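The values are calculated or read from the model by the stated rules, or taken from the named source; none is laboratory data. Predicted model, so just to flag it, every value in this text is computed and none were measured. Cβ atoms come from the backbone with ideal geometry, glycine included; neighbour counts cover every protein chain shown. All accessible areas refer to the heavy atoms of the entire protein, side chains included, with ligands and DNA or RNA removed. Shrake-Rupley method; radii C 1.70, N 1.55, O 1.52, S 1.80 Å.
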Amino acid sequence: MTVYTVRPSPLGELLLTGEATPAGLTLTSLSLPGQRTAPAVRPGWRRDDAAFAEVNRRLTAYFAGRLTRFALPLAADGTEFRRRVWRALEDIPYGTTTTYGALAERLGVPRAEVRAVGAAIGANPLLLVRPCHRVIGADGSMRGYAGGVENKVRLLTHEGALQPMLV
């Protein structure tokens, strides 16, 4: 059964979705406000805040600076190529960044196909948990982020990968 909850965060209200089974919850999506490709709550989904207690505990710890890696049951929906890219995202250490090209090279993807890696990253349904925000342009620029480039900068600053900007 598909269940969902919403929770506040420094980035705005997050929508979390998952599949509830007798064995527990498998997280299927974590989306930010205004995110392109974010799921919308559908008829038949059930709000179940209690099912997301562990996810919420870890998100609270992450935003408090006490958690650097999520270890949760995650849905593996996606093509084999996307799943390979998403697993590689999980290996990018907290507080660091990598480039699309470097990630493609690590995966053995030819340079001419780096855009396919970018497309797989853009299709990541589990923002924050699979840290696609840690992938930047080769020139250090903040390339696209489904949750918005402003949120990408906020997350990288939170993690210490970017210095806070004085305005």
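D77: in contact (Cβ under 8 Å) with a residue 40 or more places away in the chain, closer than 30 Å to P22 by Cβ, open to solvent by 80 Å² or more (accessible area, probe 1.4 Å) and in contact with a Ser or Thr (Cβ under 9 Å, 6 or more places away or on another chain), yes or no?
Values: in contact (Cβ under 8 Å) with a residue 40 or more places away in the chain: yes; closer than 30 Å to P22 by Cβ: yes; open to solvent by 80 Å² or more (accessible area, probe 1.4 Å): yes; in contact with a Ser or Thr (Cβ under 9 Å, 6 or more places away or on another chain): yes.
Here the answer is yes, as D77 does meet what is asked.
For segment 43-66, check the following and say yes or no: at least one residue is open to solvent by 60 Å² or more (accessible area, probe 1.4 Å) and under 23 Å from G122 (Cβ atoms).
no
Right, V85: under 15 Å from the mean Cα position of the chain (by Cα), β-branched (V, I, T), within 22 Å of S9 (Cα to Cα) and in a helix (DSSP H, G or I) or not?
Working: under 15 Å from the mean Cα position of the chain (by Cα): yes; β-branched (V, I, T): yes; within 22 Å of S9 (Cα to Cα): no; in a helix (DSSP H, G or I): yes.
So V85 fails the test.
Here is a yes/no grid of residues against (1) more than 25 Å from G24 (Cβ to Cβ); (2) small (G, A, S):
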| position | (1), (2) |
| --- | --- |
| F70 | no, no |
| A75 | no, yes |
| T96 | yes, no |
| G101 | yes, yes |
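Counting only residues that are touching a residue at least 24 places away in the same chain (Cβ under 8 Å) and in a helix (DSSP H, G or I), which one in segment 113-136 is surrounded by the fewest Cβ atoms within 10 Å (Cβ to Cβ)? If you could, list the steps in order and put the result at the bottom.
Here is the first cut: in segment 113-136, the ones touching a residue at least 24 places away in the same chain (Cβ under 8 Å) are 116-118, 120-132, 134-136.
The next check asks that each one be in a helix (DSSP H, G or I); those that pass are 116-118, 120-122, 132, 134.
Values: A116: 16, V117: 23, G118: 20, A120: 24, I121: 24, G122: 14, C132: 26, R134: 21.
Checking each candidate, the answer is G122.
As an exercise: evaluate A71 against (1) in a helix (DSSP H, G or I); (2) open to solvent by 50 Å² or more (accessible area, probe 1.4 Å) and give the number of the one condition it does not meet.
So the condition that A71 fails would be (1).
All but one of (1) without any contact (Cβ under 8 Å) to a residue 24 or more places away in the chain; (2) surrounded by fewer than 16 Cβ atoms within 10 Å (Cβ to Cβ); (3) under 21 Å from I136 (Cα atoms); (4) of a type in the set (G, A, S) hold for A104, so report the exception by its number.
Here A104 meets the rest and fails (2).
Among the charged types (D, E, K, R), free of Cβ contacts under 8 Å to residues at least 60 places away in the same chain, over 26 Å from G12 (Cβ atoms) and not in a helix (DSSP H, G or I), is that true of D139? Working first, answer last.
Values: among the charged types (D, E, K, R): yes; free of Cβ contacts under 8 Å to residues at least 60 places away in the same chain: yes; over 26 Å from G12 (Cβ atoms): yes; not in a helix (DSSP H, G or I): yes.
For D139, the condition - among the charged types (D, E, K, R), free of Cβ contacts under 8 Å to residues at least 60 places away in the same chain, over 26 Å from G12 (Cβ atoms) and not in a helix (DSSP H, G or I) - is met.
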